[in-house]
Structure formats: structure tokens, C-alpha cells
Amino acid sequence: MEGLVVVDAANVIGSVPDGWWRDRHGAAERLRDRLAALAGRGLPRRPGVPEWAERPPVDLVLVVEGAAREVAPVPGVRVERAAGSGDDRLVEVVAAREPGRPCLVVTADRELRERVRALGAEVTGPRAVRPAD
């Protein structure tokens, strides 16, 4: 069964002070494009990334909110738009997955981590999908 990787766009984008606040939509598109490059090869081997997520294919979902809500999907990356709270939408995506399907949530948000762990998801931080330092 193909694993599901759900990315908290606002949290991952906000994890690096690179001027993202001047263009939230553009920052979300850049993240989406980095994810698209990972779709065919899996996530990089990093602490907190389970082995299944390192092997393609990986179903990548980017949860966007606010100014980034109009980011379009691209091949390899599904975009889920939050009408309200991005965290709530992300939890809905995790809860709606098929029973037994492995799931990894990428976020540093402590409360969100607890919510998705309660649904059986694994969690890792933003570095899992950001370029290597």
C-alpha cells in the first residue's frame, strides 16, 4: 500500500526566515515544486523519515491556507485547501485515509503532532522536505 505524506505548508514554509512573508503564495508554490521532485524518488533519508517514505511511489499532499490557498496542484502533489484552519484540514486528510495506510505528517507544530499521532500517523519535522543544510 502506497504511503501518504501530508505536509503542513504554513509550518514548513515558516520554519526558515527566508523572506517567505513577502510572498506567501510564491513560497507555497516553491514548496509544492520541491515536493513534486520528491514524488518520483521518495523523501530523503533523514532522521524521523520512515523507510517506506524513502521509496517511491509516495502520495504527497500539501495542505495550504490563507494567502497560499490558491496554489494549484501539480503532477505528484495533491493540494488540499483549508477553508478555515489548516491544522483542522490536515487532520481531516489524515483521518480520511484508508485503514492501515501508512501516513507521515511533516510539521513542527506540537499540538498538531499530537492530534495526528492519535490517528496513527507518524510525524517528522520540516527538514524532511527542505533542501539539505
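The values are calculated or read from the model by the stated rules, or taken from the named source; none is laboratory data. The model shown is predicted, which means the values in this text are computed figures rather than measured ones. Glycine also receives a Cβ, built like all others from the backbone with ideal geometry; neighbour counts cover every protein chain displayed.
Quick notes
- Qualifying residue in the range 35-46 (condition: at pLDDT 90 or above, farther than 27 Å from Leu119 by Cα and not in a loop (DSSP other than H, G, I, E, B)): yes
- Selection of first residues in the range 101-114 that are farther than 11 Å from Val91 by Cα and of second residues that are of a type in the set (S, T, N, Q) and assigned to a helix (DSSP H, G or I), restricted to Cβ pairs under 9 Å at least 6 apart or on distinct chains, gives the following pairs, ordered by first then second residue: Val106/Asn11; Thr107/Asn11; Ala108/Asn11; Asp109/Asn11.
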